[in-house]
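Derivation of every value follows stated rules applied to the coordinates shown; laboratory data play no part. Model, not experiment: these values are computed from the prediction. Don't worry about glycine lacking a Cβ; one is built from the backbone with ideal geometry, like all the others, and counts go over all protein chains shown.
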Amino acid sequence: MKLAKIRLKTGETAVAIVDVGSVTPLELPDGTHTLCQILESDDAVALVNSLPQANALPISEVELLPPIDQQEVWAAGVTYRRSRTARMEESEAAASCYDRVYASPRPELFLKATPHRVSGNGQPLRIRADATWNVPEPELTLVMNSQLNLVGFTIGNDMSSRDIEGDNPLYLPQAKVYDQCAGIGPWITLASAMPPREEIGIYLTIRRAGQPAFEGETGVDQMARTFEDLIGWLGRDNSFPNGAMLMTGTGVVPDNDFTLQAGDVVDIRIDGIGTLSNPVVQG
Ligand code: DO4
Ligand code: MG
C-alpha cells in the first residue's frame, strides 16, 4: 500500500491511498488522523482499510504534498563506495575522514531538514546562491514511527553543495541544510509492499532544457550498511516523538565537472516507490 498527502481542488488536504493513476482520499474521523498518526499504528494497512474512503480521483487532479508531518529528516553519509570516492576527491583535507567513516562501525549521521525545508513532488529544490558546485543525491529514505519502527519507504533528494562541503568538513551543515534543501516524496510505500532490499534499484536523471544532462543508477545492494544498523545508531540516546525519516546515503554522484543549474529538473526513481521529480531554482 502507498500513502500520499494531497491537496484537493477545494484546497482541503487529505491522506490518500495511491493506485496506478489515481488516489483515493481517506475520510479521517474529525480530522484526527494525520499520516503520522496512521504510521504509529501497529498495523497501518488494517487501519487504513478500516477507514471510510471517498471516491477515487485521477492523480492529475490533486497536488501531491510532501508526505511528512512533524518528523525530523536525518541523513546518513558515505554509505556507498561511490560516495566515499567522490568525497575523498572533493576534499584533500578531509579525505581520511571519509575513508575512515565508510569502514567504521559508527556511521555518519546528520540532521538534514526540518519539515518546512522539505519540497514534495513537483515543488522546487534550491541550490544555494553562495555555492558554485551543486548536485542532487538520490537516496532511499526510511520512514520510522516514534518507536523507530521501520514502517515505510520514500524517495529522498539530499541536495548538496560540494564546493562548501569540500572546502572544510566543518561546513557540512551549510552544504546540506538550507531552505528547500530536501526533496521527499512522492508518497510513502508501506514496508510490507516494498521489494526485497537486493532488488531495489535507484535511478537518477537530470534534465536540462528537456534533454538528459546526467543519468546514473545504483542498487540498494551496493549499500555498505543495513537499515537496522543505521536506525540503531540514530536511536542511541535520541528520541523522536513525531517519528523520523532517514535518507540512507547516495550511491550515484555525477562526475566532478557536473553542477546543477537553475531550470534543471531532477527525477529520482526507486523500485517499489515511484518517481520524485523536482525543478531546480537558485538564490
Ligand atoms: O559526508 C558528507 C555527506 C555524504 C552524503 O550525504 C552521502 O553519502 O549521501
Ligand atoms: Mg547524501
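Miscellaneous remarks
- Across the stretch 1-137, the convex hull enclosing all Cα atoms gives 165 Å³ per residue.
- Sites excluded, GluC sites (Glu not before Pro) in DSSP loops with at most 10 other C-beta within 10 Å, longest stretch of the chain: 93-283
- Near A16: Cβ cut-off under 13 Å, other residues only, Lys/Arg at +1 and Asp/Glu at -1. The net charge is -2.
- Here the chain is treated with +1 on each Lys and Arg Cβ and -1 on each Asp and Glu Cβ, and its dipole about the Cα centre works out to around 200 debye.
- Kirkwood-type hydrodynamic radius, the stretch 57-165: 16.0 Å, calculated from all non-identical alpha-carbon pairs.
- Separation of the E89 and A224 label points, Cα + 7 Å toward Cβ, nm: 1.7 nm
- Note on the stretch 2-65: Cα-only Rg and Dmax are 11.1, 32 Å.
- Just checking the listed ones, D179, D267, D229: in the Gaussian network model of the chain with Cα springs under 10 Å, the one fluctuating most is D229.
- In the elastic network of the chain, a GNM with C-alpha springs shorter than 10 Å, the most mobile of D19, D257, D130 is D257.
- Only DSSP H runs of four or more residues enter the estimate; each adds -39500 (n - 2.57), and after division by the residues of the chain the mean residue ellipticity at 222 nm equals -4500 deg cm²/dmol.
- Antiparallel %, DSSP beta bridges [both residues in the chain], to 5: 85 percent
- For the chain, radius of gyration divided by Kirkwood radius, i.e. Rg to Rh on alpha-carbons: 0.96
- Global geometry of the stretch 124-190, whether rounded, prolate or oblate, following the gyration tensor of its Cα atoms and the 1.5 cut on a/c: prolate
- Residue among G120, G272, G210 with the largest mean-square fluctuation in a Gaussian network model of the chain, springs linking Cα atoms under 10 Å: G210
- Charge tally for T34 (other residues, Cβ to Cβ under 9 Å; Lys, Arg +1; Asp, Glu -1): 0.
- Length gained when the stretch Q70-L170 is fully extended (0.36 nm per residue, less Cα-Cα span): 33.3 nm
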